[in-house]
Amino acid sequence: MLKIKRLDLYILRNFILSLSATFFICLFVLLMQFLWRYVDELVGKGLEVSILAQFFFYSAMTLVPLALPLSILLASLITFGNFGERLELLSMKAAGISLFRIIQPLVIFVFFLSIGMYYFSNEVIPRSQLKLWTLIYSMKQKTPEVDIPEGSFYSEIPGYNIYVKKKNTDKNLMEHVMIYDISQGFENMTVTTADSARLQFTEDKKFLVLSLYSGEAFENLKMRGEDVSGNNYPYRRESFEEKQLLIEFDGSFSVASTSVAKDKYVAKTMGDLYYAIDTLSEQRDSAQNVMAMRMVSMQNSKISDIKRNANRLSVDTVTKVALTDSSLFSMLSASDKKFALQTASNEVARIKNEMEFRAVEVSDYNYYIRRHQIEIHRKYTLPFACLIFFFIGAPLGAIIRKGGLGLPVVISVALFIVYYIIDNTGYKFARDGMMTPTQGMWLSSCVLLPLGIFLTYKAATDSVLFNVDSYFVFLKKFFKKKNDSTNQ
């Protein structure tokens, strides 16, 4: 019994060490891929290190549900591949310990890890998603950091176009500067040239201070109607040795309120999702009932009024029910019939447009409901994927008997790509209503679960599934048997 406990601890220690290493590797790779999508929001905006640190941290938190299943697959492959390569797995089986008993401590560990993954997805991920999307929104609103290039016009400052021929980085000066001030409109444009200039922010980062040296300014006065000595001049010229321009430019970064991202599906807990689904369902049913009752009430009231007062009806009233009772149409004269047909056509078009609008409204409600249902299932499918990947990786490692980061990495990446494609396909089908959220979100699990069961069975029965030599032996026997039958 003591030896079994030591064996369990030995297996657990090897698996946890592999899992820790592979988890951080997988998380890093996924984080780099995620950051590449938002590189335009990060570069050239002068964000503080603390803001970038928050962005990296919350991004990493949201990627844990993807990194953990992949790392479990890779860690189980490496662990049991090492056991097989070092003949430790063979020694355990020779001692009378079955594969199911060998993986028992790891099954318990991964099971509790999956439960923890569920609570992490329900409690930590929504908060991280809320913070992350708030930061992304804030960064999108952030004006780019002023970085004027050489030899081209820079128009990122509202109301100004700035041209710099050359930069002197040693003296922090811009040489041969030309500034077009169009903040008051093109008719009142001011053109300023200077031999050199220096650019800096005010302390509160609300304004840009542009210090100009040895230059001239030309101001268009055509629309201002300024009068000098009784004469109207089209422009004003000014020469200066030193001049400062104060440009309004909010260069500070402020994080928006979390309310801008509170309605995102990924930023809601299980309770919030169920509450939102109930609210949206009530609103959808209400919209459907109101429209149905309105159409039925309108039709019934018009028909009953016509049948009671057929002789006193106006042409317009008869027209509106002509499609429901054709005998009323014969009561009209030829000119009234033409007018009635046109009026009826307009009425039908109006009703059609209203029905289409209501259909789009109901379709939108169904879409939002599906998105919330998808997030509910995602909180279950990701922890379940951890178990599935373990039952794929552990027996597969025992079969191939190759450790290290070579073959296990290739197999893990290939299997994860298959899982990701199936999972993403199911998600899109569920989102677009081609599948129910249950079918779409559990599609990948339904495909990979039989594979895990099959590989576990093969590993338990000491299968030679990936032994190339065994296939050569089988082919040699097959062709030998075929030749013998031909000779006979």
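The values are calculated or read from the model by the stated rules, or taken from the named source; none is laboratory data. Just so it is clear, the model here is predicted, and its values are computed rather than measured. Neighbour counts run over all protein chains shown; Cβ positions are idealised from the backbone, glycine included.
Here's the yes/no breakdown for (1) modelled with pLDDT of 85 or more; (2) closer than 27 Å to GLY406 by Cα; (3) aromatic (Phe, Trp, Tyr):
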| position | (1), (2), (3) |
| --- | --- |
| THR22 | yes, yes, no |
| ILE25 | yes, yes, no |
| LEU52 | no, no, no |
| PHE57 | yes, no, yes |
| THR62 | yes, no, no |
| ILE72 | yes, yes, no |
| SER76 | yes, yes, no |
- Note on the structure: Checked pairs for region 342-358, first modelled with pLDDT under 75, second of a type in the set (Gly, Ala, Ser), C-beta under 6 Å and 6 or more apart or across chains, list as ALA344/ALA322
- For region 114-123, state whether one or more residues are at pLDDT below 85 and of a type outside the set (Asp, Glu). no
- Item | Whichever residue in region 265-291 is surrounded by fewer than 16 Cβ atoms within 10 Å (Cβ to Cβ) and either among the β-branched types (Val, Ile, Thr) or not in a helix (DSSP H, G or I) (or both) and, among such residues, is modelled with the lowest pLDDT | VAL290
